[in-house]
Amino acid sequence: MCHVRNSNIYQLKSGHALMGVYLKSTDNMPYDHCWWCDLENNSGTHQTRDHLFKHCYKWKDQQAAIWARVKEATKGK
């Protein structure tokens, strides 16, 4: 089981996690493209929280597990 610190959750929620969009906004990267997707196809997809949790093909297995747990915890609401 993965253990996530509260600080990681707050970083994701506030948009200050180590993701492409944040790193570009702080001038730590020249672009905000997803480094997982762009390694393969240079898609130019912005690496955002939404992208990583719902769309990034690199994390599809983890996404399925997370959303299954969310559905179970919320009784499918």
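Taken together, the values in this text are just the output of simple stated rules run on the coordinates, not laboratory data. Treat the numbers as computed from the prediction; the structure is a model and nothing was measured. Here the Cβ positions follow ideal geometry from the backbone for every residue, glycine too, while neighbour counts run over all protein chains shown.
Couple of notes before you dig in:
- Inter-probe distance in nm under a simple model that places probes 7 Å from Cα toward Cβ, at Leu18 and Arg5: 1.1
- Paramagnetic label zone (point 7 Å from Cα along Cα-to-C-beta, Ser25; backbone N under 17 Å) in segment 53-67: 53
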